Amino acid sequence: MKVGSIENCSSNGKIIGFSTNYAFNFGGLVGSNYGTINNCFNNADIEGYITDSSTVDCELRLGGICGSVEENQELLNCYNNGKISVISNVSCNSLANYYVGGICGKQNGNIKNCYAVGGFEKNIDSYKRLYIGKITGMARATREKIYSLNNAIATYVDEAIIKAESEMKSADFVDLLNEGLETAIWKKDTGINNGYPILYWQ
């Protein structure tokens, strides 16, 4: 069941979050998506870290749009420009789990027609699991039409379609994002997004 929707929203600046024990969902727009996120983007650089993982399996789920897309929920027609940094400011032991992606950290719901160009920074030495994907750090649902620059470290294969910068700044890429939509919602950059496609409402 969907509990709500977010449409035509954006974030800018810098976002910093941390997890102390157990699980934490953290993203440019929301932590956990229990509804539909549609036609949104993030420009904010995002930094997440674990401060203590000494007692339980601690998970940090970190993404450009959201930390987690929950089961049967959706994330559609979004993009991320922000750099995502996963950092350990303590000596985390083997209990720490990281799920990091350009759009979402952990995906239990569907992602469609999204792209990420922000890139990643990794500064951790000790962990139990480290999954970094160009779009999602762990996928358990449908991924369709997801695109990324090849500028991202990756430890998890999320089936993102890799595009060159020139391709992603082309009119053909705008047409590709609009393909199959009832109404075109993507357009060429008007000088606000470094040449990458933007949404019609921008």
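The values are calculated or read from the model by the stated rules, or taken from the named source; none is laboratory data. The shown structure was predicted, so the numbers you read here are calculated from the model rather than taken from an experiment. In this analysis, Cβ positions are derived from the backbone assuming ideal geometry, glycine residues included, and neighbour counts consider all displayed protein chains. To get the accessible areas, we keep the full protein, side chains included, count just its heavy atoms, and leave off ligands, DNA and RNA. Shrake-Rupley method; radii C 1.70, N 1.55, O 1.52, S 1.80 Å.
Considering each residue of the stretch 130-147 in turn, at least one proves to be at pLDDT 95 or above and open to solvent by 20 Å² or more (accessible area, probe 1.4 Å).
Inspect all residues belonging to the stretch 149-162 and state whether any of them is at pLDDT 95 or above, open to solvent by less than 20 Å² (accessible area, probe 1.4 Å) and not aromatic (Phe, Trp, Tyr). Among the residues of the stretch 149-162, not one is at pLDDT 95 or above, open to solvent by less than 20 Å² (accessible area, probe 1.4 Å) and not aromatic (Phe, Trp, Tyr), which makes the answer no. Among the residues making up the stretch 158-195, those that are at positive phi and within 21 Å of the chain's Cα centre (by Cα) are Glu159, Asn194, Gly195. Condition check: of a type outside the set (Lys, Arg), buried (at least 20 other Cβ atoms within 10 Å of the Cβ) and at pLDDT 95 or above. Does Leu60 satisfy that? Criteria not met by Leu60.
Residues in the stretch 125-176 that are closer than 16 Å to Gly101 by Cβ and of a type in the set (Val, Ile, Thr): Ile132, Ile135, Thr136, Thr142, Ile146, Ile153, Thr155, Val157, Ile161, Ile162. When we screen Ala164, Ala139 for residues that are under 21 Å from Leu76 (Cβ atoms) and in contact (Cβ under 8 Å) with a residue 12 or more places away in the chain, the only hit is Ala139. Every test in (1) modelled with pLDDT of 95 or more; (2) open to solvent by 10 Å² or more (accessible area, probe 1.4 Å) is passed by Ile65 save one, and that test is (2). The selection criterion, being farther than 21 Å from Cys66 by Cα, acidic (Asp, Glu), outside any strand (DSSP E or B) and open to solvent by less than 40 Å² (accessible area, probe 1.4 Å), does not hold for Asp175. Of all residues in the stretch 49-79, those satisfying the criterion of being under 28 Å from Gly195 (Cβ atoms) and touching a Phe, Trp or Tyr at 6+ places or on another chain (Cβ under 7 Å) are Leu62, Cys78, Tyr79.
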